[in-house]
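Everything below concerns the one structure shown next.
What follows draws every value from the coordinates through simple rules; no lab data is involved. Note that the coordinates shown come from a computational prediction; the quantities given were computed from them, not determined experimentally. Glycine also receives a Cβ, built like all others from the backbone with ideal geometry; neighbour counts cover every protein chain displayed.
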Amino acid sequence: MKRILIISDGKAGHLNQSIAFCKIKNISYDILEVKFKSRFYKLLSYVFDRFDFFTDSLFEEHKNYYPEFYDAIISTGSGTYYFNKLIAQKYNKKSIALMLPKSYKYSNFYYIIAQEHDHPILLDNLLAVPLNLSYSSPKGYIKKIEDKKSLAVIIGGDNGVFSMSYHSIKEKLDEIFKKYPDYLKYITTSRRTSSTIESLINEYTFDYKLIYSKEPNINPIGDFIAVCDEFFITIDSTSMLSEVRANSDAKINIIELKSKKENTKYHKLASIINDMDEKLDFAKILKRVKI
């Protein structure tokens, strides 16, 4: 039976993509978390990689692992790619990178699965996909109610490109409650959602509400995908936009925010989402990647 070793940097958004690959391919996996000793060592890994020099001395101590048991190594995020290659080179394993591994050589990965919004170059070992890899399953926080339509609102927050204002979100929430009086309404915030926006959300009566700062260990997105007929998602929430579109045929309404920059990867992804009206068959797309 095939088995994959996932190299994790401890970031949930990265780890979830690696897990999604394994679940989509129906392959068992184990997870090994690693961390560079410092930013200097990470920068040094870029240099070492160019000369095909690989050493685990750049990393903090980690748990024991047994590479000979695995058929491939997979990872997501810049903190993982060097260690991924290190194992693959040393034990002659297939090395798979999710997202574009900028600053590292592309040629000695077995496969790179990169998002189209990163404008990857055409290579034999690179597969460009329109959305982040995701695999969604409900956790049981919400149950489908027969004969009732429902919608979900997913709120992000400020980042380097977008700023979220109280008035823009209030205007959108007022619009939703006015236009969808008979829908069940669910909402979740994220770790970037400000306390001001959280307070605003608390002024509305939702049928289900998750405030991330209060309950950071609960993720209701899988349940939203399982039951909702329509979504409203802020444009900054790229992982949520990808997850919903990849796993649901529901209508997606992108909530625009004030942009500090134009033509970024966020705008590119939003354009891709707007052009798609049904979920993405990742199983079919990933058939090209043989393990």
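General remarks:
- Beyond 28 Å in Cα-Cα separation lie the following of the pairs K37/K290; K179/K209; K63/K268: K37/K290; K63/K268.
- Cα gyration tensor category, rounded, prolate or oblate, for region 1-135 with a/c compared to 1.5: rounded
- Footprinting exposure proxy ranking of F232, F21, F54, fewest other C-beta atoms within 10 angstrom first, gives F54, F232, F21.
- Inter-part distance, region 64-122 to region 232-250, computed on C-alpha centroids, equals 26 Å.
- Mean ellipticity per residue at 222 nm, deg cm²/dmol - from DSSP H runs of n ≥ 4 across the chain, formula -39500 (n - 2.57): -9000 deg cm²/dmol
- Computed over the chain with a Gaussian network model linking Cα atoms closer than 10 Å, the most mobile of I155, I273, I31 is I31.
- Computed from point charges on the beta carbon alone (+1 for Lys and Arg, -1 for Asp and Glu), the dipole magnitude for region 171-247 about its Cα centre is near 200 Debye.
- Qualifying trypsin sites (Lys or Arg not before Pro) in region 62-103, where qualification requires a DSSP coil assignment and no more than 14 other C-beta atoms within 10 Å, comprise K63, K102.
- At most 14 other Cβ within 10 Å, DSSP loop - GluC sites (Glu not before Pro), region 10-73: E60, E61
- Burial order of peptide ranges 183-190, 164-171 (average beta-carbon count within 10 Å, highest first): 183-190, 164-171
- Gyration tensor (alpha-carbon) shape descriptor, region 59-180, a/c threshold 1.5: prolate
- Comparing mean-square fluctuations of Y204, Y111, Y135 from a GNM of the chain with C-alpha springs under 10 Å, the top value falls on Y204.
- Residue order, fewest to most surrounding Cβ atoms within 10 angstrom, among E116, E203: E203, E116
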